[in-house]
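A short worksheet on the structure shown next.
The values are calculated or read from the model by the stated rules, or taken from the named source; none is laboratory data. Owing to the predicted nature of the structure, the values given are computational and were not obtained by experimental measurement. Backbone-built Cβ (ideal geometry, glycine too); neighbour counts: all protein chains shown.
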Amino acid sequence: MHTPSHFLLLLTIFSLIKVAVSEEGICSMPPSIINSDSDSKPLYWKVTNPTLSPSHLQDLPGFTRSVYKRDHALITPESQVFSPLPEWTETLGAYLIAPAIGSNFVMYLAKMQGNSKSGLPPSDVERFIFVVQGAVTLANVSGISHELIVDSYAYLPPNFQHSLKCDASATLVVFERRYASLEKYVTEQIVSSTNKQPLLETPGEIFELRKLLPTSLPYDFNIHIMDFQPGEFLNVKEVHYNEHGLLLLEGQGIYRLGDSWYPVEAGDVIWMAPFVPQWYAALGKTRTRYLLYKDVNRDPL
């Protein structure tokens with residue numbers, strides 16, 4: 001026999017799913033976008049052109065889907081605050097996850113304009129960049145340069161001299177953390193793209209997984225790209241010591257964090273503290289793809 005609390009939980013979940021799949025729901029794209037040819041849109045275009053709110057809430061003062069709690073946060077595009085990035089030129093950044101929230105890493109968006117240039121991270125801090133719009137040129141002190149376009153990325157070891165330059169405009173998602181060094185191990189610069197990484201086995205799961213960094217011991221974090229087709233979901237309801245920073249690149253669905261259930265869509269950012277219960281289901285009419293930070297290869301002590 002169901003108790004009133006069980007009935008209330010089921011009713012809440014059902015209501016959230018109805019909102020997520022309805023035409024006017026929080027996660028829905030306008031009908032003109034849903035019916036358009038998705039192949040005509042640039043990859044990850046929804047990250048830089050988000051649906052800020054459904055039409056019936058656009059004029060509601062103070063409305064936001066953003067949430068901050070002790071063990072997780074949802075940071076949605078309408079509440080992201082951009083300001084000049086320290087040591088960067090002609091660039092605006094929005095810090096989305098930082099130690100003030102309880103994390104051991106920083107995650108931010110960097111919007112580079114014409115003739116812009118990056119600064120360096122602090123001493124002993126490693127950096128990972130992923131291009132979601134436009135193109136940038138990565139150069140190091142040896143004079144070697146790489147053009148990074150959408151879906152390209154680079155890992156820069158701690159204290160590695162480098163610069164990013166942009167002639168037009170570009171949007172990057174950047175992760176930085178103080179490197180947890182191990183004796184006799186060093187990391188190396190990596191430049192690649194998602195489509196160059198193989199699909200990995202995911203026993204017991206149906207989503208597609210790519211890892212963008214080596215899984216070897218020198219690297220103290222990794223970045224995963226996870227793809228879900230509509231209706232697919234995580235089988236494991238995860239609870240673990242690793243923390244996450246997540247950017248939804250494509251699609252929409254329902255994310256469970258602790259005891260809360262959130263409709264989410266492309267452009268949303270999520271922070272997950274260690275041991276927070278987490279689960280995802282993809283909804284809508286297109287695949288979900290998200291980029292996920294995860295700390296690895298270090299003893300929790």
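So the values come out like this:
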quantity: Criterion: surrounded by fewer than 18 Cβ atoms within 10 Å (Cβ to Cβ), assigned to a strand (DSSP E or B) and in contact with a Phe, Trp or Tyr (Cβ under 6 Å, 6 or more places away or on another chain) - qualifying residue of Leu74, Leu92; calculated: Leu92
quantity: Strands (runs of 3 or more DSSP E) contained in segment 162-258 and holding at least 3 residues not polar (S, T, N, Q) and not assigned by TED's automatic domain parsing to the domain that holds Pro122; calculated: 208-211, 221-228, 244-250, 252-257
quantity: Hits in segment 156-211 - residues which are of a type in the set (Ser, Thr, Tyr) and touching a Pro at 6+ places or on another chain (Cβ under 9 Å); calculated: Tyr179, Ser181, Tyr185, Thr187
quantity: Filter result for the condition that a residue is in contact with a His (Cβ under 7 Å, 6 or more places away or on another chain) and more than 23 Å from Ala281 (Cα to Cα), over Leu156, Leu209, Leu164; calculated: Leu156
quantity: Qualifying residue in segment 127-138 (condition: surrounded by fewer than 18 Cβ atoms within 10 Å (Cβ to Cβ) and not in a loop (DSSP other than H, G, I, E, B)); calculated: yes
quantity: Unmet criterion (only one of (1) surrounded by fewer than 18 Cβ atoms within 10 Å (Cβ to Cβ); (2) free of Cβ contacts under 8 Å to residues at least 60 places away in the same chain; (3) not aliphatic (A, V, I, L, M)) for Lys69; calculated: (2)
